[in-house]
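Nothing in this text is a laboratory measurement; each read-out follows from the coordinates by a stated rule. Predicted model, so just to flag it, every value in this text is computed and none were measured. Here the Cβ is made from the backbone with ideal geometry for all residues, glycine too, and neighbour counts use every protein chain on show.
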Amino acid sequence: MSQNTDNKTLELPEIINAVSSEFLHLLKHLDPDFTIENITFDDKAAIDRKGAFLGLNNDQSRLAYIPIARLNRFTLPSALPNSNPIFMELLLPYNVGSKSLRSSFAVQTTVRRALTATGVMIPESMIVKLEQHFNTPDISISHISEGIAAIYALPKPDGGSLGSSCMQGCNKNWFEIYDNEPAIGCLVAKDNEGQLVGRAITWQVDSGATCCDRCYGTSSYIEEAIVAYAQKNGMYYKSNNNMDTPESWVCNNSTLPSVCQTVTLKQEEYHHYPYMDTFKYLNTYNGELNCFDDCNHDAELTSTNGYHNNLGYCERCDTHYSSDRIRYVDHMDVCDDCFDEYYTSCDQCDEYVHRDKITPAQGDRYVCQDCLDNDYVCCDECTSYVHTDDIYRFDCGDICPKCIEGARP
């Protein structure tokens, strides 16, 4: 087939498989690791439609494509490769602007239909990201320092991590710490109807930086938008967007020198506390919140009932632990590790005592000092301890069964 424009006759290949550079840039935005090698074509679809060109519409809000018949309206390069995707630059006509070319787009609002129509094949994970991208409404993001508790008290929206958040829609009183502490702020994302679609707590840490905590949104696109906003405004975001200890704090191409960051609260203690993903290690004596599990905290903000979890204190190793790892033994509180290392049970009374306070007795038994004093006697012959019910008493002394047996002819 051919077309004559401005006295030029250009041969148009029978089949054109193509995507625009704008489309590829969008894929790279959604997944920085995506490459052109991840795009393939369904040859049957290309033959049925004699090729098609996949791109974006004028405002880049939808996928769009140009069937081969519409491409014939324009002057095109005479040689177009068929083996790999080609870009918008190669398809732009010599004498027709891109806006006119786009006027011939067949706009497709459904991602999968647009891909099917053009025979473009990409991984399923990328299709899902495209669907999230195009189905996400326009949002506005603001950084607030007041009214944070009211944001958390709003009802849960549908979908995403925000819809499944354990703190969204809870009692407003649980979040008094957010409104009372000047070091705490919140990034709030709302759609064009003013509905909450995303949020993330921010922390002015003692080192001077502002850290953006875990991002919650009704879609991953909104979470990414909050991260982008944070970086644009000089905030360091948590590289692993979850409840775990931060792997790093990142802002554009830089990271904070230390993962371990601290926030010193103005008010050392509150009546209520929310569950916190990151800065959850609290020292109730000096009001320090830490994002790293160390020995300098006595409470954890990991409860979903509006209170902190008091930690137990091991009197042997001088360390705070979760209360379920502390037990009372031998008149003191000890952790599980110290318990396993230093304590054992008495075979007589079944009480646990320090290993230094246990004594071996006949019959492969180990007894505590109290049981030794009350229930056992020392054999005057071999000096081993024997239960009082088993000892033989003579004028010459107390003799155990083993010594009696050994003395017989």
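Checking the cross-link filter: which aspartates and glutamates have an alpha carbon closer than 17 Å to that of Lys266, excluding same-chain neighbours under 8 positions apart? The qualifying aspartates and glutamates are Glu146, Glu176, Asp179, Glu181, Asp206, Glu288.
Would you please name the trypsin sites (Lys or Arg not before Pro) within the range 325-387 that are DSSP coil residues with at most 11 other C-beta atoms within 10 Å of their C-beta?
Values: sites: Arg325, Arg327, Arg355, Lys357, Arg365; in loops: none.
Those that pass, being in a loop and sparsely packed, number zero.
Taking only the C-alpha atoms, wrap a convex hull around the range 137-252 and report its volume per residue in Å³ as a whole number. Please report the intermediate quantities before stating the final value.
Values: hull volume 11.8 nm³, N = 116.
Each residue corresponds to 102 Å³ of Cα convex hull volume.
In the structure shown, the pairs Lys28/Lys156; Lys28/Lys232; Lys172/Lys280 are assessed against 22 Å; a Cα-Cα span above that value is assigned to Lys28/Lys156.
May I ask you to order 29-37, 332-340, 198-206, 112-120 by the average number of other C-beta atoms within 10 Å around their residues, highest value first?
On the way: 29-37: 11.8, 332-340: 16.8, 198-206: 22.6, 112-120: 19.3.
Most protected by this proxy first, the peptides run 198-206, 112-120, 332-340, 29-37.
In terms of overall dimensions, the range 200-338 has a Cα radius of gyration and Dmax of 17.0, 58 angstrom. About its Cα centre, the range 114-270 has a charge dipole of approximately 180 debye under the convention of +1 per Lys or Arg Cβ and -1 per Asp or Glu Cβ, with nothing else charged.
The calculated FRET efficiency for Asn305 paired with Asp350, based on their beta-carbon distance and R0 = 25 Å, is about 0.10. Dipole magnitude for the range 366-409: computed about the Cα centre from +1 point charges on Lys and Arg Cβ and -1 point charges on Asp and Glu Cβ, it is near 220 debye. Sorting the segments 162-170, 280-288 by their mean number of nearby beta carbons within 10 angstrom, highest to lowest, gives 280-288, 162-170.
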